[in-house]
Structures are given as structure tokens and as C-alpha cells.
1. For Leu47, what charge total do you get from the other residues with a beta carbon under 13 Å from its beta carbon, if Lys and Arg give +1 and Asp and Glu give -1?
2. Just Ala34, Ala51, Ala14 to compare: in a GNM of the chain, with alpha carbon springs under 10 Å, which one fluctuates most?
3. Where does the charge balance sit around Ile37 when Lys and Arg score +1, Asp and Glu -1, over other residues with C-beta under 13 Å from its C-beta?
4. Can you put Ser29, Ser9 in order of Cβ neighbours within 10 angstrom, beginning with the fewest?
5. On average over all directions, what projected area in square nanometres does the chain have, based on the convex hull of its Cα atoms?
6. Along the Cα→Cβ direction, 7 angstrom out, place labels at Ala14 and Thr66. What is the inter-label distance in nm?
7. Explain nothing, just the number: dipole magnitude of the chain about its Cα centre with +1 on each Lys and Arg Cβ and -1 on each Asp and Glu Cβ, in debye rounded to the nearest 20.
8. Take each complete run of DSSP H in the chain, measure how far its Cα atoms stretch along the helix's own axis, and keep only those covering 30 Å or more with mean Kyte-Doolittle hydropathy at least 0.5; list them.
Amino acid sequence: MEDVRIILSGLWVALMLTYLLGDVLRIFSGDFKAGEIAGQKISQKMLLGMAVLMLIPIIMVIMSLTLPYPVNRWTNIIAAVFCLFSI
């Protein structure tokens with residue numbers, strides 16, 4: 001059971017690093033304009049949404065290692081589906 005928890009935790013870390021890599025590559029490619037995303041001005045709601053989207057993998061790393069199995073399984077499924085459909 002510990003192996004599954006470590007694998008899940010590692011996958012959440014990989015997702016978070018993939019998000020960050022995409023952001024860094026977008027900035028270095030010159031596709032980044034300060035204060036805008038895809039031609040839209042960044043609002044407070046957009047910033048909050050991005051913060052929540054980045055917090056989910058960080059929280060899930062810890063939760064994957066600490067939650068009991070049945071709760072862990074469903075928490076990971078729900079969080080993964082949320083991250084999938086929020087992109």
C-alpha cells in the first residue's frame with residue numbers, strides 16, 4: 001500500500017512541475033505579455049482560479065501520503081478529474 005501512496009504523490013509532483021514548465025516555456029518563447037493571458041486582461045478571479053489550480057497538486061502530495069486508503073482513492077480520483085476538466 002505504501003508503494004501506491006508514493007506513486008500517487010510522485011504523480012502529483014510531476015503534474016505540478018509540468019504546469020510550471022509550461023509557464024516557463026511560455027515566458028521564454030516570447031508568448032507572454034505582462035498582465036494578459038490569451039489577449040485578455042488578468043482579473044482577480046482569474047488569479048484566484050490559477051492559485052486554486054496550482055494548490056490542488058501541492059495539497060494532494062501530502063494527502064496522498066496521509067489519508068487512509070478508501071478516502072485516498074476517491075480524493076485522488078475527484079482531484080484528478082477536477083484538474084483534467086479545469087484546463
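1. Numbers: positive: Lys41, Lys45; negative: Glu36.
Computed value for this residue: +1.
2. Ala34
3. Working: positive: Arg26, Lys33, Lys41, Lys45; negative: Asp23, Asp31, Glu36.
Taking every Cβ under 13 Å from that of Ile37, the sum is +1.
4. Details: Ser29 8, Ser9 19.
Ordered by Cβ neighbours within 10 Å, fewest first: Ser29, Ser9.
5. Working: hull surface 24.9 nm².
Approximately 6.2 nm², given one-decimal rounding.
6. With each label point 7 Å from Cα toward Cβ, the separation is 2.4 nm.
7. Values: 6 positive and 5 negative charges, 49 e Å.
The dipole magnitude comes to about 240 debye.
8. On the way: long enough: 2-28 (39 Å, 1.30); 44-66 (33 Å, 1.99).
Helices meeting the criterion: 2-28, 44-66.
Readers should treat all values here as calculations from the given coordinates under stated rules, not as data from a laboratory. Just so it is clear, the model here is predicted, and its values are computed rather than measured. Every residue, glycine among them, receives a Cβ derived from its backbone with ideal geometry; neighbour counts consider all protein chains shown.
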